[in-house]
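Data first, discussion second: the structure below is written as structure tokens.
The values are calculated or read from the model by the stated rules, or taken from the named source; none is laboratory data. Values in this document were obtained by computation on a predicted structure and should not be read as measured data. Note that each Cβ is placed from the backbone with ideal geometry, even for glycine, and that neighbours are counted across all protein chains shown.
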Amino acid sequence: MADTMSATKLTIERGEDSEIQFLPISHGDQYLLRRLGVEPREQRCPHCSSLVYTRRHRQCGVCEQVLPPSFLLSGVEAQRVDKLLRTERKRHRAWLMRDQDNGQ
């Protein structure tokens, strides 16, 4: 017996007074950085000229030399990142629990 598939065309009509909300489009880390109140910037290691991918680590990921303090997150920025990570972990755990509850 052959399986058959069909598709239905979805049409959405909106009135003139309906509100449309657009989700932000993330271009790399820019959306996340704006949530943290941090401006994106490209920095290169002063020792080996490799791209510094994160401002959370004190050492270059390539040559392992200590980066200048200006490359690192400030105390306020680090607190924001930590708070965001804790929040996202909680949301993920809640999502996992909800998914487990729905599966049983």
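When you scan region 39-80, how many residues do you find that are in contact (Cβ under 8 Å) with a residue 40 or more places away in the chain and touching a Cys at 6+ places or on another chain (Cβ under 8 Å)?
To start, the set of residues in region 39-80 that are in contact (Cβ under 8 Å) with a residue 40 or more places away in the chain comprises 77, 80.
Pick out the ones that are also touching a Cys at 6+ places or on another chain (Cβ under 8 Å) and you get none.
So the count comes out to 0.
Determine which member of the set Leu73, Leu85 is surrounded by 10 or more Cβ atoms within 10 Å (Cβ to Cβ), in a helix (DSSP H, G or I), modelled with pLDDT under 90 and hydrophobic (A, V, I, L, M, F, W, C). Give the steps one after another, and end with the answer.
Values: Leu73 fails: in a helix (DSSP H, G or I).
Of Leu73, Leu85, the one residue that is surrounded by 10 or more Cβ atoms within 10 Å (Cβ to Cβ), in a helix (DSSP H, G or I), modelled with pLDDT under 90 and hydrophobic (A, V, I, L, M, F, W, C) is Leu85.
Report yes if some residue within region 14-24 is modelled with pLDDT of 65 or more and charged (D, E, K, R); otherwise report no. Reasoning before the result, please.
Let us first name the residues in region 14-24 that are modelled with pLDDT of 65 or more, namely none.
No.
Which of (1) loosely packed, with under 11 Cβ neighbours inside 10 Å; (2) closer than 22 Å to Glu42 by Cα; (3) not aromatic (Phe, Trp, Tyr) is the odd one out, the single condition Leu67 does not satisfy?
Result: Leu67 fails condition (1) only.
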